[in-house]
Amino acid sequence: MTPACPLCGGGRCVPFELSTDPVSGRSYAFVRCGGCGGEFADPMENPGPEWYAKAAFYNEDACRSGAAARLRGGVFLELGLAKDARLLDVGCGAGEFLALAAGAGYSRCSGIDFSPAQVRLARENSGLEDISVASLEEFLPGRDGSFDLVSAFEVLEHQPAPADFVKRLKGLLAPGGLLMLSVPNAARPLLFGGREAWDYPPHHLTRWDAGRLDRFLAGLGLEKVVLKDSELPAEHVYNQLFGVKLDAAVKGAIAAVKRLLFGGKAAASMDEIVASGAAGAAGVLRFRLARRLPAAALKLFFRALLLPVYLPLWLSYSAAGHRGTSLVAVYRVK
Ligand SMILES: [Zn+2]
C-alpha cells in the first residue's frame, strides 16, 4: 500500500525508485504523487541524530555549494528589506547567511540550530548574540507573528512533515512577512542517471523542482515573490562525471585508514570513537589529517587532469540553458 501524499494529502502515489541506505542498511522507496506531482520517501522518517553522526562521515563535504550561497545572498539583498527588519534563520548552521545579513547592516537577526557546535560557530562568524540552540518546536511558543523574514536553507528536504514545517514557519511571520527557502534543484542535470549519495533517503525525504515547489507553497496559501535557480557550477558536471566513482574509491581508502588506526572500533562513527576516549586526541587528529590531505590532493590532481573533458561539457550544458543545482524561493504571507 502506498502512503498518502505528505505534500497535498492526496492518494494515487506510485513508487518509482528503490534504494538502500548504506549507513543503516534499510530500504526506501521514492514515491510520486499523481495529484500534485510531489516526490517523497517511503517511509517518511527523519533518521535521528545518531544516523547523522554516522552519515556525516560520508556526507561532510557534499552539501556545501558556493553557487547556492551566492544565489541566496543575491536574492536576499535584492529584496531590499528595511534595515530594521526582524530576521530569523531556522537551521542557521555556521551562520553564513546571518553573517551576510549582519554585514549588510541588518541588526535584528536571530538564528536557531539544534547543534551547539554550529551555534557557537554561527555566533563567532556573524558577531550576533541572538543565536540559540533550539528545535523549531522549542522556539515557537510566544513568537507568533514576530518576524518580517523567516529563512530555512536546505532544511525543507529533510522534513518528515513538510507541510506542517512550512505552516509553523508561516506562523512566525508578521502579516505580509516573507518566507525564504532553498532546496537542491531536482532538475539539475544528472549525467548517466547519477544521483549524488546525499540525495537519497533518509538524508533527503523530498525532491523539488521549481514547479513542485511553487505548487506546494501556493497550496499553503503563500504568494510568489521570487523563485529562481542557481547557475550550473562546473564542479557539478565534474562531480557527476567522475566524482561518484572517485568518492567511492576515497571512501574505501578512508575505511582502511580507520581500521588501521582504531582496529575493532572502526565500525563506530567518529563521534562514538571520540566519546569512548579510545582513540585519544592524537589518534583523532591523526585520522582527520590522514583523511583530509590525500583526499584534497587527489581531488585537485584529478580536477586539473580532467579539465579538458568536463569544461566543454559544462559550457554546452550552460549554453543549452540547463538548470542549476540549487533553488531559492521567497514567498509572501497573504
Ligand atoms: Zn501530492
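Starting from one equal scatterer on each C-alpha and no solvent at all, send me the Debye-based log10 I(q)/I(0) for region 38-180 at q = 0.10, 0.13 Å⁻¹, two decimals.
The Debye formula, applied to the Cα set alone, gives -0.34, -0.59.
Would you list, by chain and number, the aspartates and glutamates whose Cα falls below 19 Å from the Cα of Lys299, excluding same-chain residues fewer than 8 positions away?
Glu60, Asp61, Glu196, Glu235, Asp247
Return the distance in nm (one decimal) between the two label points of a simple spin-label model at Arg332 and Glu129, each offset 7 Å from Cα along Cα→Cβ.
It is 3.4 nm.
How far, in degrees from 0 to 90, does helix 116-126 lean away from the longest principal axis of the Cα atoms of the chain, to the nearest 10?
So the helix axis and the longest Cα principal axis differ by about 70 degrees.
Starting from 0.36 nm per residue, how many nanometres of slack lie between Ser115 and Trp198 once their C-alpha separation is accounted for?
27.9 nm
Name all residues of region 70-94 having a backbone nitrogen under 16 Å from the label point set 7 Å from the Cα of Arg168 along its Cα→Cβ direction, giving them as ranges.
Once the point is set 7 Å along Cα→Cβ of Arg168, 88-93 turn out to lie under 16 Å by backbone N, inside region 70-94.
Could you check what % of the DSSP bridge pairs in the chain are antiparallel, to the nearest 5?
Percent antiparallel among DSSP bridges in the chain is about 60.
Helix 49-59 sits at what angle to the longest principal axis of the chain, using alpha carbons and giving 0 to 90 degrees rounded to 10?
Helix 49-59 sits roughly 60 degrees off the main axis of the chain.
Lys228: which aspartates and glutamates have alpha carbons under 18 Å from its alpha carbon, excluding same-chain residues fewer than 8 sequence positions away?
Glu78, Glu154, Glu157, Asp209, Asp214
Assuming 0.36 nm per residue, please report the length gained on full extension of the stretch Arg143 to Leu307 beyond their Cα-Cα distance.
Full extension of this stretch gives 54.0 nm more.
Rank Val90, Ser318, Leu178 by how far each Cα sits towards the positive end of the charge dipole of the chain (+1 on Lys, Arg Cβ; -1 on Asp, Glu Cβ) and give me just the farthest.
Ser318
Using alpha carbons only, how many degrees (0 to 90, rounded to 10) separate the axis of helix 280-319 from the longest principal axis of the chain?
It works out to around 70 degrees.
Give me the number: length gained by fully extending Ala4 to Ser318, i.e. 0.36 nm times residue separation minus the C-alpha to C-alpha distance, one decimal in nm.
Answer, rounded to one decimal: 109.3 nm.
Set the Förster radius R0 to 56 Å, insert the Cβ-Cβ distance between Leu79 and Leu260 as r into 1/(1 + (r/R0)^6), and round the FRET efficiency to 0.05.
Taking R0 as 56 Å, the efficiency between Leu79 and Leu260 is 0.60.
Post the alpha-carbon centroid distance, region 65-97 to region 197-214, in whole angstrom.
So the separation of the two Cα centres works out to 21 Å.
Computed from the coordinates by the stated procedures, all read-outs in this text should not be read as laboratory data. Everything quoted here is computed from the prediction, not taken from an experiment. Neighbour counts are summed over all protein chains in view; Cβ atoms, including those assigned to glycine, are modelled from backbone coordinates with ideal geometry.
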